[in-house]
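As structure tokens, the structure follows; a few thoughts come after it.
Please treat every number below as a calculation from the coordinates, not as lab data. All values derive from a computational prediction rather than experimental measurement. Methodologically, a virtual Cβ is constructed for each residue, glycine included, from the backbone with ideal geometry; neighbour enumeration extends over all protein chains shown.
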Amino acid sequence: MGTGTAGIATLAGCQGAPKPRYVGESGEEPDTRWWPQPEFDRIASCYNPRSVGPREVVTERWSIDISGPSSRPVVADGIAYLPTATALRAVDAKTGEERWRENGGDEPMWPRRVLWYDGTVYVTQIGEPALIALDAETGEREWTFTPSRSGIRALLSDPEGGDLYAGDGRGNVYALDTDTSELSWQRQVFGPVIAFAQSIPELLVATEAGEVYGLSPDDGRGYWRQKLPGYIESLATANGRGAFVSVFGGPTVELESERAGAVQWRRDTWSSDSFVVAGRTLIAAGHRLTALDIRSGGDRQWTGGKTAQCGPAAAGDTIYAASEDRITAYDFGGGIGVGPVRPGAKRWSHPVEGRPEQGLVVADDAVFVLTEGHEDEASKAYALEAA
């Protein structure tokens, strides 16, 4: 555990930086201390404007052994839902004590996505049943959905409309009623569906084939389609913007919805698992934490430390990122100063056992992360809070 005043590189060379703010289409900031969807919300911002994470020196609230990380966790109503190799484990967010687990029918389960909505937890897997709705408190099954033998890989809930969007390995997109699992519409795209994000007026869909679609969330009607050169790692959007997309190894682009998905800008950087989108800033974490200015064509605001392939997260004025063996918190603006070095960028850094994977979560005054053990190290789940 330690704090730091490590330097941070900047291309702008100016003092200060754009302040973070929520960029959802409603214009209203979410009033929650939880992290209900893998990327926090339906626009996949990975940003909670409330300061619900530790800003100063941290300590372990708890850590537990797991079978291995399978997907990004979510945290809601005092429970952390941990997708591990063998099961979805529901544990107390304060103590780490297990409440219940769902193994999908046959171990290993390898949950692909998990999200919480209105007292129900939805989890997907490659096996059958492909989608399981569970009572969030007890873990009892409410309903299941298995449209094909290729499993469900992507999942997104729309709290405004009450729909649940699921995507399978055969390129099918399904809109389901969250209460009954009744199918509202179905649409096929090219390649296994791997990610969703939703804003006005479209549902964004990314596929393993490197394609991005803009669909109508009401009936699946296609607005536009764009092909990118590589495997898509991250997808997000923002109020009044198009689709932010990153492919493995780069580039990161913004696709403009009003021009049929045409590339508005392109930058030679990339982000693993997810972005952070707040105000005019897009945070990427591929090989190194990078802040891009989306209003100036993706110009680089500042560059932070090295990162592992684990999606970043942010809350309030703090960004959380993972390296191969540590979790680090940064000032959202990159610290203060003029020139290539900005002291005070790093707020704290804490070691973990194993390599962080799948993405960070900030909720309930803590940072939650799953790690993959190797050699003599165990795979772990951590909750880090202020010391």
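Assorted remarks:
- Mean Cα-pair separation over length for the chain, i.e. relative contact order, pairs under 8 Å, 6 or more apart, %: 22
- Charge dipole magnitude, Cβ of K and R +1, D and E -1 - the chain, Cα centre, debye nearest 20: 1600
- Selected from Tyr81, Ala130, Ala243, residue furthest toward positive end of dipole (the chain; charges at beta carbon): Ala243
- Stretched out straight at 0.36 nm per residue, the stretch from Glu353 to Arg170 would grow longer than its current Cα-Cα span by 62.2 nm.
- Each Lys and Arg contributes +1 and each Asp and Glu -1, all at the Cβ; summed about the Cα centre of the stretch 114-159, the dipole is approximately 340 debye.
- For the stretch 19-108, the Cβ-based charge dipole about the Cα centre amounts to some 340 debye (Lys, Arg positive; Asp, Glu negative; other atoms uncharged).
- Over the stretch 291-340, all Cα pairs binned in 5 Å intervals from 0 give whole-percent P(r) values of 5, 17, 25, 26, 19, 7, 1, listed from short to long.
- Lys pairs, the chain - Cα-Cα below 28 angstrom, 8 or more residues apart or on other chains: 7
- Each label was represented as a point 7 Å from its Cα along the Cα-to-Cβ direction; for Arg21 and Glu98 these points are 4.6 nm apart.
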